[in-house]
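The values are calculated or read from the model by the stated rules, or taken from the named source; none is laboratory data. What you see is a predicted model; the values in this text were computed from it and never measured. With ideal geometry, Cβ positions are generated from the backbone for all residues, glycine too; neighbour counts draw on all protein chains shown.
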Amino acid sequence: MQIELQRVEREDKSVLRHLMELYLYDFSEYLGEDLDEHGTFGYKFIDHYWTEPGRHPFFIRVDGKLAGFALVRDPACTGEDWHELAEFFVMRKYRKTGVGRIAAHKLFAEFPGRWHVEQEAVNEPSFIFWRKVIGDFTGGRFDEVRAIDCDGPAQEFESPSRP
């Protein structure tokens, strides 16, 4: 199984928008969001990934097929001294196969420096996933703090610079 990150180009924004709807549908289990009158959940920040500095959209591909996405914000966007995983989605078919772990590790390596990864308090499975994934990546060297924008935990750690 070959897992790769592919930067999302502007012309593929509609594909990302479709994947975002799947993600928001899954997440509605935790946040209780409803569809709008157009039958979508909507994500107001999609366009910002091509208009604001410090935002980086990626597709996650498995053997060349779309399997999810990741949205990264760097210090130019966050105003902090860290990279932040704004959104991360792996399709159900690929969950519990190592795809999410490998994709996350590739992202962390792509952006060396400090990282901040938050989870919503209502999404308990994400606590287990991120603690394990970040623990594996850092050899257990991360701090768990209270998240800034939500009431769940956040992990902070350092991704080493590439040689």
If you go through the stretch 30-68, how many residues are in contact with a Lys or Arg (Cβ under 7 Å, 6 or more places away or on another chain) and of a type in the set (D, E, K, R)? 1
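Listed residues Leu22, Leu85; which is surrounded by 14 or more Cβ atoms within 10 Å (Cβ to Cβ) and free of Cβ contacts under 8 Å to residues at least 60 places away in the same chain?
Details: Leu22 fails: free of Cβ contacts under 8 Å to residues at least 60 places away in the same chain.
Only one candidate qualifies: Leu85.
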Tell me whether the stretch 145-153 contains one or more residues that are buried (at least 17 other Cβ atoms within 10 Å of the Cβ) and modelled with pLDDT of 95 or more. no
Residues of the stretch 96-146 satisfying the condition of being among the small types (Gly, Ala, Ser) and either within 15 Å of the chain's Cα centre (by Cα) or farther than 22 Å from Glu33 by Cβ (or both): Gly98, Gly100, Ala103, Ala104, Ala109, Gly113, Ser126, Gly135, Gly139, Gly140
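Can you tell which of Arg101, Arg73, Arg61 is of a type in the set (Lys, Arg), modelled with pLDDT of 95 or more and within 18 Å of Val8 (Cα to Cα)? Full working, then the answer.
On the way: Arg101 fails: within 18 Å of Val8 (Cα to Cα); Arg73 fails: modelled with pLDDT of 95 or more.
One residue alone meets the criteria, Arg61.
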Please identify the pairs in which a residue from the stretch 53-70 that is surrounded by fewer than 21 Cβ atoms within 10 Å (Cβ to Cβ) has its Cβ atom under 7 Å from the Cβ atom of a residue that is among the charged types (D, E, K, R), counting only partners at least 6 apart or on another chain. Gly54/Arg73; Gly54/Asp74; Arg55/Arg73; His56/Asp74; Arg61/Glu4
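Could you say which residue among Phe27, Phe59, Phe45, Phe41 is touching a helix residue (DSSP H, G or I) at 6+ places or on another chain (Cβ under 8 Å) and either of a type in the set (Asp, Glu) or closer than 24 Å to Asp151 by Cα (or both)?
Numbers: Phe27 fails: touching a helix residue (DSSP H, G or I) at 6+ places or on another chain (Cβ under 8 Å); Phe59 fails: either of a type in the set (Asp, Glu) or closer than 24 Å to Asp151 by Cα (or both); Phe45 fails: touching a helix residue (DSSP H, G or I) at 6+ places or on another chain (Cβ under 8 Å).
One residue alone meets the criteria, Phe41.
Search the stretch 1-43 for residues being in a loop (DSSP other than H, G, I, E, B) and among the aliphatic types (A, V, I, L, M), and hand back the single one that is nearest to Ala86 (Cα to Cα).
As a first pass, look at the stretch 1-43 and keep what is in a loop (DSSP other than H, G, I, E, B): 1-2, 8-9, 32-43.
Narrowing the set further to residues that are among the aliphatic types (A, V, I, L, M) leaves 1, 8, 35.
Numbers: Met1: 26, Val8: 15, Leu35: 21 Å.
Step by step, filter the stretch 1-43, then rank; the result is Val8.
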Take the conditions more than 27 Å from Glu124 (Cβ to Cβ) and in a strand (DSSP E or B) and apply them to Arg61. Does it pass? yes
